Amino acid sequence: MGVFLIAAGLHSGVLSANAQSIRGRVLDATTQAPLAHANVVVADTRRGAATSADGGFAIDGLPPGTYLLAAQYVGYETALRTVEVVAGRTATVEFPLNPSPLAVEEIVVRAGMTEEELLTRARQSVATLGPDVLERTRGQTLGETLKQLPGVTTMQTGPSISKPVVRGLHSQRVVVLNAGVPQEGQQWGGEHAPEIDPFAPARIEVVKGAAGVEHGVGAIGGVIRVEPRVLPTTPGLGGRVDLNGFSNSRQGAGAVLIEGAPAQVEGFAWRAQASVRKAGDAHTPDYVIGNSAFEERNGALALGYQTARTGLKLYASRFATELGIYRGSHVNTLSGLRRAIDRDRPAVDYAFSYAIDAPKQSVTHDLVSLKGVHRLPRGDRLEVQYGIQRNHRQEFDAHRRGGDPLDEPAFDLTLNTHTLDAKWRLPPRRNAFGVVGLSGMNQANVNAESGYLIPNFRALTGGAFAHGTWIPGNWTLEAGARFDTRWMKAFPRADGAFERRTHAYRSLSGVVGGIWQFAPTWSVATNVATAWRPPSVNELYSYGVHHGTAQFEIGDATLSSERSIGVDATLRHVGDRVRLETSFYTNWMNDFIHLFPTRDTLVTIRGVFPAFQHQQAQAVLRGLDGHVEFDLRPAWAVGARASVVRGTNVAANMPLIGMPADRLVLHSTVRLFEGRRLRTSELRPELTLVRKQTRVPEGVDYAPPPAGYALVGVQYHADLQVGNTPLQVGLSIHNLFNTRYRDYLSRWRYYIDEPGRTLVVRVRIPFGTAASGG
């Protein structure tokens, strides 16, 4: 790390200290009226400005060079302009913005937001990964990408499955929105990661804490919004090619995106994208992880049409993967299971292979969404979005009676989901605005095989909500309420026969919060929210071997709904050189449902597996997370992010099992030499420190928590100009010193280490009129 800091000092003087200015105006393209309070930001920097009453703005302190500016205003399309700043001169630019019926008045976080926006953007802790950050992690899983955010960790099952954990909560307690549609797969499984193409997102936003009013049943832990690239608005044809290579597992990944807006059909635009990933067995510092290879093939299509008042957007995507499950986690005897857990490394020395054998998973997820937006004459906006999803999951056991395990899946689940959401966004009136909405969901799950880990079921969910915001002076106050109901009919098997059981749940969610900007560069936000979640079908009725996690899971049909009451406070500071956000939270969980080891092992025809049972308890989760960044020099910044979670089973007076360990990440960013062909270059070393998880129930787990660990990584990114073609090139090294370690949240920590050193090479080649960003 010292080497990187020295390098930072040597290179920090390469940028010019001469400061220039950009002046301009933002106007309505139709009426030429000035737009006050629009945001103008400089891409890839933290500089920006808000327009005055006459639409004017000024951005000072820029060294000579070429900059990409973006002008943004609620209800209008974002406009981009390239500006050349010459020494000793003031550059001028004008932004005529076109009304956009598809613009959404949600509070989001953007690179380059003004100081006031950053201070007052949300009453909850919100973190966003934009195109520049996502570019450094393209080709990895969604969970691996989100690990860069404070308060977010991952639950892993080998190198190909990574599930986001937000403040200690995951699965059904975290809502994932894919292109605005709640992602509905078999997300109850600890090793069932979100089925989303890692090349697809242009922006990912994480709202930490209960968000039940806006997003309904299940949003106890938070919301993850995954947004695809915005359709083009200017005529032309273009796209990009992404190529990735990973040394560990010898993975190759690539994606092609093509998009356009024909001049012959005003308001129409389209985009098509396809990606593929293929990886062999991963390896730890000492051995190959047998049968950990995977393949993935994905595609997406988007069509959009808009007029001055109305817009329509059709989005369709497919995610398809086949992945191996570590063979050593499935054993035949009780003594073999004990030896597999106790030994330091696998009993078998596996050879590297791209082959995928049983046990394995085969998963496809199809999504089709149609969204319509209509702007009414008074300024209100009506939004309606319909989504249909089909999730098909097959899991193949390592042992099968009567033939090859690959001939027939151990269980075969198909989940069909229809969702419909309608929102009426009210125009601002006297510093106040709001939204009311309705939502509905229809689900049916079909089990096509003899293994009935979860039964067939049918579920209907409906909800209504209202949410308002008032901005008096330096305060921003928000409140909202929601009512949801869920009806479910399940068909579990008991004593060799199927039964019909009906469950009905209904309850309220609510939120009240506020933001106080008590100084020009400081604000504090508070939020009090309550949300709820009914038990899922696996928590009620699972009884069998879950092959991906190599454990026998037992449900409880008497479980009741969870109720969360959460309080959090967030302190923000945005100064010239220092940026800080720190959040403290407490989440009281009534009837918290958790999977608890029984300390028994169950012998089945498929082998011997540790047993886990779904239980309920009164629990409380407390913690803090945050980040700080400090600009030491114009070309050198340092920062840190940290996460701490404390979960307690209040009834039993003992720690909750499966809580993330304390985590601290230190990083530095150095802007290196820039020239005519090397437009930008950046070096980013990083040190990750994870403590041993010592807060665990005594004598209940099958193995003690692994030791803490420290990992060093480094990333290099450059924008090159090769002839008339701009290229983006990235080089990353994860686990630089090939450290041997196990993570407490890994589902395979009982048996094997985590993967060792990985070298990643990334190349992006844009073509045509498409921008190279997300």
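A few remarks follow.
- Residue in segment 200-209 that is open to solvent by 10 Å² or more (accessible area, probe 1.4 Å), at pLDDT 80 or above and assigned to a loop (DSSP other than H, G, I, E, B) present: yes
- The lone criterion from (1) more than 29 Å from F352 (Cα to Cα); (2) assigned to a loop (DSSP other than H, G, I, E, B) left unmet by P285 is number (1).
- Segment 368-399: number of residues that are surrounded by 20 or more Cβ atoms within 10 Å (Cβ to Cβ) and outside any strand (DSSP E or B): 2
- Restricting attention to segment 158-188, the residues that are in contact (Cβ under 8 Å) with a residue 60 or more places away in the chain, assigned to a loop (DSSP other than H, G, I, E, B) and not aliphatic (A, V, I, L, M) total 11.
- Of the residues contained in segment 505-526, one or more are found to be under 20 Å from S439 (Cβ atoms), surrounded by fewer than 16 Cβ atoms within 10 Å (Cβ to Cβ) and assigned by TED's automatic domain parsing to the domain that holds S439.
- The single condition among (1) within 28 Å of the chain's Cα centre (by Cα); (2) more than 30 Å from D380 (Cα to Cα) that Y541 does not satisfy is (1).
- Out of R47, R25, one residue alone is at pLDDT 80 or above and either in the same structural domain as L720 (by TED's automatic domain parsing) or among the charged types (D, E, K, R) (or both). It is R25.
- Residue satisfying all of: in segment 636-651; in contact (Cβ under 8 Å) with a residue 60 or more places away in the chain and closer than 17 Å to A710 by Cβ; surrounded by the most Cβ atoms within 10 Å (Cβ to Cβ) among these: S643
- Among the criteria (1) open to solvent by 20 Å² or more (accessible area, probe 1.4 Å); (2) of a type in the set (D, E, K, R); (3) at pLDDT 90 or above, the one D600 does not fulfil is (3).
- Conditions (1) more than 29 Å from G290 (Cα to Cα); (2) surrounded by 18 or more Cβ atoms within 10 Å (Cβ to Cβ); (3) modelled with pLDDT under 90: number failed by N724: (2)
- The lone exception for Y541 - which of (1) surrounded by fewer than 17 Cβ atoms within 10 Å (Cβ to Cβ); (2) within 30 Å of F457 (Cβ to Cβ) it fails: (1)
- Restricting segment 25-40 to residues that are in contact (Cβ under 8 Å) with a residue 60 or more places away in the chain and on the phi < 0 side of the Ramachandran plot, the residue that is surrounded by the most Cβ atoms within 10 Å (Cβ to Cβ): V26
- Going through (1) more than 30 Å from V512 (Cβ to Cβ); (2) out of contact with any helix residue (DSSP H, G or I) (no Cβ under 9 Å at 6 or more places or on another chain) one by one, R225 falls short only on (1).
- Among the residues making up segment 463-475, a single one is crowded, with 16+ Cβ neighbours inside 10 Å and over 18 Å from G510 (Cβ atoms): I471.
- In segment 400-421, residue farthest from Y543 (Cα to Cα) [restricted to those that are at pLDDT 90 or above and surrounded by fewer than 16 Cβ atoms within 10 Å (Cβ to Cβ)]: L420
- Test: residue in segment 268-275 that is under 22 Å from L731 (Cα atoms), within 20 Å of the chain's Cα centre (by Cα) and assigned to a strand (DSSP E or B): yes
- Of the residues making up segment 656-668, those that are buried (at least 18 other Cβ atoms within 10 Å of the Cβ) and assigned to a strand (DSSP E or B) are R663, V665, H667, S668.
- Only one of L571, L559, L580 that is free of Cβ contacts under 8 Å to residues at least 60 places away in the same chain and assigned to a loop (DSSP other than H, G, I, E, B): L559
- Test: residue in segment 115-125 that is modelled with pLDDT under 80, in a strand (DSSP E or B) and open to solvent by less than 10 Å² (accessible area, probe 1.4 Å): yes
- Cβ-Cβ distances below 6 Å connect the following pairs, each with a first residue in segment 375-399 that is under 21 Å from A410 (Cβ atoms), a second residue that is among the basic types (K, R), and a separation of six or more residues or different chains: F396/K360; D397/R606; H399/R606.
- Check on D495, open to solvent by 30 Å² or more (accessible area, probe 1.4 Å) and either free of Cβ contacts under 8 Å to residues at least 12 places away in the same chain or among the acidic types (D, E) (or both): yes
- The conditions of being over 25 Å from the mean Cα position of the chain (by Cα) and not acidic (D, E) are met by Y751.
- Selected residue (only one of I258, I289, I325, I356 is over 27 Å from the mean Cα position of the chain (by Cα) and either assigned by TED's automatic domain parsing to the domain that holds R375 or of a type outside the set (G, A, S) (or both)): I356
- Exclusive hit being modelled with pLDDT of 80 or more and on the phi < 0 side of the Ramachandran plot, set V109, V83: V83
- Pick from segment 568-578, criterion touching a Phe, Trp or Tyr at 6+ places or on another chain (Cβ under 8 Å) and surrounded by fewer than 23 Cβ atoms within 10 Å (Cβ to Cβ), ranking: nearest to R167 (Cα to Cα): A569
- Residue that is modelled with the highest pLDDT [pool: residues in segment 303-329 that are open to solvent by less than 20 Å² (accessible area, probe 1.4 Å), farther than 21 Å from S369 by Cα and assigned to a strand (DSSP E or B)]: T321
The values are calculated or read from the model by the stated rules, or taken from the named source; none is laboratory data. Fair warning: this is a prediction, and the values are worked out from it, not measured in the lab. All Cβ positions, glycine included, derive from the backbone under ideal geometry; neighbour counts span all protein chains shown. Calculation scope for accessible area: heavy atoms of the full protein, side chains included, ligands and nucleic acids excluded. Shrake-Rupley method; radii C 1.70, N 1.55, O 1.52, S 1.80 Å.
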